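Inspection log for the structure reproduced underneath, given as structure tokens.
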Amino acid sequence: MKTALIIEDNDNNLELIRFILEKAGYNTRFAMTGLEGVQQALTIPPDFIILDIQLPDINGLEVLKRIRAHPVGAVVPIIAMTSYAMAGDREKLLGEGCTAYIEKPIDPASVVAQIEKALGKER
Amino acid sequence: MKILIAEDDENSRHLLEDVLFSEGYDVVSFDNGLKALSYLQVEPVDLIVSDILMPELDGYGLCRALKQNISLQKIPFIFYTATYTTAQDERFAIALGANKFLIKPMLMPDFLKVIKDVIDSDEAGRGPKNRGLYRGSPLKLDKQHADLVRGKLDKKLIELNEERSKLIESEARFRDFAEASADWFWESNEQHKINVLIGGPAGLNFYTLTDLAEACHSHSSNEMLKTLQAHKRFSDFVVHFTDELGKLVYLRVSGKPLFELNGKFIGYRGVGRDVSEMVALNRKVEFLASHDDLTGLPNRSLFRQRLEHAIAKAERTNSQVLLLFFDLDKFKLVNDTLGHEAGDQLLIMATKRISEKARATDALCRLGGDEFVMVMEGASPQDGHRLVRDIITAFSTPFDIKQQKVYCTTSIGVSVYPDDTTDPQTLMVYADLAMYRAKQNGRNDFEFYTSNLNFIAHQWLDMENGIRHAFKEDQFFVVFQPQVENTKNQLIGMEVLLRWRHPERGLIPPLEFIKIAEQSALINQIGEFVTDAACKQIRAWLDKGLSVPRVSINISARHLRSQTLVKTLTATALKYGIEPNMLCIEITEHALLEEGDVVKKNMREIKAAGFSISLDDFGMGHSSLLYLKRWAVDEVKIDRSFVDGLLNSAEDRVIVKAIVALGDALGLQLVGEGVENQMQADILAASGCKNVQGYFYSPPIEAKEMETWLKKNGLKK
């Protein structure tokens with residue numbers, strides 16, 4: 001069973017994405033701040049990471065950079081979630097090593113398929 | 001005045017004897033009537049005191065027998081008795097002609113007064129009127145006598161039976177008490193040898209109490225020995241011994257000394273109980289109280305003892321103690337994320353990783369949480385540096401916990417006794433502080449408390465990296481120092497030495513880097529490099545048609561412990577087509593100190609492969625003739641420190657002479673090292689050591705220059 005680390009500060013969003021992933025057969029762990037997310041990702045690396053871009057302490061882009069800078073975090077698939085998917089943001093994210101991104105608000109019916117598609121691309 | 005006592009009870013008899021005797025009477029006494037009668041038939045007495053119920057002949061019988069004997073019938077007769085006395089008894093006694101009938105017990109002054117009265121009145125002729133003249137029918141008398149005695153006997157029998165059942169009951173009670181408090185009984189003789197053992201562990205009867213005292217746990221051996229020597233009572237000594245099945249048994253014994261009436265000690269009698277289970281339980285309790293139950297490591301309290309012990313020892317031996325303080329980075333995160341069970345598992349696995357890297361003598365303890373400390377005894381900061389680096393490397397591999405990879409690194413602080421402080425408590429604080437600094441440095445790092453040591457540690461690290469780099473960049477090369485036959489000034493051999501030419505620092509002295517290389521397998525690489533370079537050069541010289549004397553190569557202690565040493569040496573010689581007998585392997589005595597199996601095997605194989613062996617630094621500290629003989633050493637090098645001292649120290653001259661004599665006796669080749677002037681050369685020659693090496697003849701020189709020597713030598717031939 002694969003484990004996802006969800007880095008997300010909003011309770012409702014977090015609960016929703018957890019619910020969907022667990023129903024689809026994934027283990028989930030979570031972190032509600034960027035720093036906590038980085039630590040978890042590097043200490044107990046998950047199979048993939050769902051990363052919210054708007055976080056209270058350091059933003060998602062910084063989280064992404066820090067995880068990728070470490071050998072342990074260099075290869076973990078990271079899927080970003082962003083509500084204002086502007087073209088520039090996407091490029092920045094992909095440029096820093098983000099595997100894929102999905103748009104907020106997430107669509108419960110298709111989000112798993114989107115994630116699995118992104119993970120498949122990784123393989 | 002002589003009084004006869006007939007009395008079967010020993011206590012009563014003694015009392016009467018003593019009292020009468022002290023009053024100035026002569027006393028004879030018997031424990032039955034028949035003995036008394038036999039005596040009286042031979043010896044006259046002045047008065048008779050008799051009990052009634054006695055074996056063989058009772059008091060009435062005695063009295064009747066006397067009264068029928070004309071020569072004895074006049075002796076005054078007193079009954080003194082207590083046994084079931086009735087009024088009939090007194091009447092019968094008086095009827096028989098007794099002077100008095102006294103009832104026990106009497107106060108002795110009263111008794112004595114009666115005795116005196118009887119004697120006085122007898123002398124005055126005022127005895128009983130009917131003495132010897134019983135007037136009744138003998139038949140009637142017999143019957144009366146028999147009835148009285150039978151009555152007494154019946155009563156006595158009842159009383160005896162009662163006493164007996166009381167005794168049985170009392171014994172049973174005591175047995176119950178004894179059995180409840182002890183498992184078995186023992187007795188020992190006056191030499192403390194256990195000679196009676198009822199129950200008890202098999203084989204204990206082969207022991208003496210003195211043996212057991214040696215193995216006393218509850219008290220000191222001395223205390224138990226003293227108690228035994230003083231023949232004092234003891235209780236609850238816990239001792240151990242090995243029973244017949246080889247099992248260690250713990251016993252609790254108590255004993256009471258036994259003496260004869262005259263006070264002579266004859267041994268002990270006592271009880272014992274097997275308390276093995278209790279001792280084992282106590283041990284377990286002790287272990288649990290002093291160890292962490294998760295990791296099995298000593299806990300804080302035991303650690304404190306260990307540290308204090310290590311420091312006390314270091315103070316005596318003038319050595320260093322290192323205190324390493326570990327903290328697992330991110331332990332809390334693992335605990336919070338994966339649960340306590342995972343956290344516990346991480347602690348166990350971390351303990352294992354640290355322990356695996358530590359030396360057997362390093363004591364790892366868990367202080368609590370994710371904090372560990374280690375006491376390294378007899379270790380240098382460099383040892384500590386190496387260990388922490390090994391541990392940090394070991395932590396770079398992730399832990400497998402709950403099918404998750406967990407990356408948990410450790411930060412380590414190191415303090416050094418006595419350099420940082422001599423106080424154990426402070427040493428601990430310093431190590432903790434250093435650990436905190438290491439954490440601040442970004443975790444997964446170590447820090448010495450003393451910044452100077454950090455600086456040196458980094459130098460060590462730099463040096464190691466430098467050596468690795470030097471191999472890659474071809475900065476190492478070899479030089480040769482000639483060995484000369486003193487009297488003929490002839491080249492007889494050479495020693496190959498390593499040099500490092502650093503592009504920026506120039507020539508780096510071997511002293512600066514060899515010691516650091518010896519701390520790791522780098523020294524093996526260096527040994528292999530030197531061997532290869534030497535063989536390569538020998539080949540080149542041989543190809544030029546030069547005759548090359550024996551070439552010595554240094555092999556370090558660590559390299560001598562390498563499984564592949566001889567294989568590599570042989571392969572290298574073969575590679576350049578060089579006969580092994582052209583090469584001499586130089587080993588320091590120190591390398592042989594650690595006589596592991598590999599060292600033994602290597603020493604044998606070096607000889608078997610055809611190389612010769614030279615013992616370097618001979619005479620420095622650990623010289624053992626055993627080494628020379630056991631390893632069939634071919635050559636001994638007299639250490640430069642002795643050569644140095646030849647001029648000024650008579651002692652050094654004696655030592656050199658002794659080494660030479662030894663070498664000659666064992667047929668060893670000798671080489672004097674570090675010869676710097678003519679005088680030293682002369683003294684060495686005079687002492688019998690002709691082969692020398694040193695700046696006086698030549699410093700280590702490069703191959704080209706060595707070639708000149710070889711040619712010159714060649715010409716001489």
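The stretch between B:ALA230 and B:LYS544, if pulled fully straight at 0.36 nm per residue, gains 103.9 nm over its current Cα-Cα span. The protection proxy used here, the mean number of other Cβ atoms lying within 10 Å of each residue, ranks peptides B:219-231, B:154-166 as follows, highest first: B:219-231, B:154-166. Mean separation of Cα pairs under 8 Å and 6 or more residues apart, divided by the residue count, gives chain A a relative contact order of 22 percent.
Under the convention that each Lys and Arg Cβ holds +1 and each Asp and Glu Cβ holds -1, the size of the dipole of region B:2-155 around its Cα centre is about 880 debye.
Sorting B:ASP474, B:ASP142, B:ASP31 from the fewest to the most surrounding beta carbons within 10 angstrom yields B:ASP474, B:ASP142, B:ASP31. Here B:LYS332 is the anchor, and the lysines within straight C-alpha reach of less than 21 Å, apart from those fewer than 8 places off in the same chain, are B:LYS352, B:LYS402, B:LYS405, B:LYS439.
Between the Cα long axis of helix B:138-181 and the first principal axis of chain B there is an angle of about 20°, rounded to the nearest 10.
Ordering B:LYS143, B:LYS193 by the number of other Cβ atoms within 10 Å of each residue's own Cβ, fewest first, gives B:LYS143, B:LYS193.
Give me the one-decimal nm value for the distance between modelled label points at B:SER641 and B:THR361, 7 Å along each residue's Cα-to-Cβ direction. The two pseudo-label positions are separated by 2.0 nm. Remark on B:TYR207: its backbone amide H falls under 5 Å from those of B:ILE194, a criterion applied only to residues 5 or more positions apart or on other chains, H modelled at 1.01 Å from N.
Taking the longest Cα principal axis of chain B as reference, the axis of helix B:650-666 is set at about 90 degrees.
When ranked by the protection proxy of mean other Cβ atoms within 10 Å per residue, highest first, what sequence do the peptides B:47-57, B:693-703, B:644-654 form?
Going from most to least packed, we get B:47-57, B:693-703, B:644-654.
List every DSSP H helix in chain A whose Cα atoms extend 27 Å or more along the helix's own long axis and whose mean Kyte-Doolittle hydropathy is at least 0.0. Result, helices passing both filters: zero. Structure remark: mean-square fluctuation, Gaussian network model of chain A, C-alpha springs under 10 Å; the largest value among A:GLY34, A:GLY25, A:GLY60 belongs to A:GLY25. Phi angles across region B:377-382 convert, under the Karplus curve 6.51 cos²θ - 1.76 cosθ + 1.60 with θ = phi - 60°, into 3J(HN,Hα) values of 8, x, 10, 8, x, 5 Hz, Gly and Pro given as x.
Remark: region B:469-475, residue by residue, has Karplus-estimated 3J(HN,Hα) of 5, 4, 4, 4, 9, 6, 8 Hz, where x stands for each Gly or Pro and the curve is 6.51 cos²θ - 1.76 cosθ + 1.60 at θ = phi - 60°. Let me make sure I get this right: for chain B, a, b and c are the square roots of the gyration tensor eigenvalues over alpha carbons, sorted descending. Under 1.5 in a/c it's rounded, otherwise prolate if a/b > b/c, else oblate. Which is it? Note, shape of chain B comes out prolate.
Per-residue mean of foreign Cβ neighbours for A:70-79 is 1 (Cβ atoms of other chains, 10 Å radius). Extension gain for B:LEU574 to B:SER290 (0.36 nm times residue separation, less C-alpha to C-alpha distance): 96.3 nm. Farthest towards the positive end of the charge dipole of the protein assembly as shown, among the residues B:LEU57, B:GLN537, B:LEU647, is the Cα of B:GLN537, using unit charges on the Cβ of Lys, Arg, Asp and Glu.
For the protein assembly as shown, the dipole from Cβ point charges (+1 on Lys and Arg, -1 on Asp and Glu) about the Cα centre works out to 1620 debye, to the nearest 20.
Rounded to the nearest 10 degrees, the angle from helix B:597-609 to the longest Cα principal axis of chain B is 50 degrees.
FRET efficiency for the B:GLU702 to A:GLU62 pair, using the beta carbon distance and R₀ = 45 Å, is estimated at 0.15. Between B:HIS502 and B:HIS309, the simple spin-label model (points 7 angstrom out along Cα→Cβ) gives 4.3 nm.
For a label point 7 Å from the Cα of B:HIS340 along Cα→C-beta, name the residues of region B:355-383 whose backbone N is under 14 Å from it. From region B:355-383, the list is B:369.
Stretching B:SER301 away from B:GLU43 to a fully extended chain increases their span by 84.1 nm, per 0.36 nm per residue minus the current alpha-carbon distance.
Under the rule of -39500 (n - 2.57) per DSSP H run of 4 or more residues, summed and divided by the residues of the protein assembly as shown, what mean residue ellipticity at 222 nm is obtained, to the nearest 500 deg cm²/dmol? Rounded to the nearest 500, it is -15000 deg cm²/dmol.
Of the residues B:LEU297, B:GLN320, B:THR337, the one whose Cα sits farthest towards the positive end of the charge dipole of region B:297-449 is B:THR337 (charges of +1 on Lys and Arg Cβ, -1 on Asp and Glu Cβ, taken about the Cα centre).
Computed from label points 7 Å out along Cα-Cβ, the spacing between B:ALA686 and B:LYS155 is 11.8 nm.
Peptide packing: for B:319-332, B:598-611, the average count of neighbouring Cβ atoms within 10 Å per residue gives the ranking B:319-332, B:598-611, highest mean first. Fewest-first ordering of B:TYR417, B:TYR627 by other beta carbons within 10 Å of each residue's beta carbon gives B:TYR627, B:TYR417. Around the amide H of B:SER50, modelled in the peptide plane, lie the amide H atoms of B:ALA6, B:ILE78, B:PHE79, B:TYR80, all under 5 Å away and 5 or more residues distant in sequence or on another chain.
Computed about the Cα centre, the dipole magnitude for chain B is approximately 1140 debye when only Lys and Arg (+1) and Asp and Glu (-1) carry charge, each at its Cβ.
Values in this text are rule-based calculations from the coordinates and carry no lab data. Given the structure is predicted, the values throughout are model-derived calculations rather than measurements. Cβ atoms come from the backbone with ideal geometry, glycine included; neighbour counts cover every protein chain shown.
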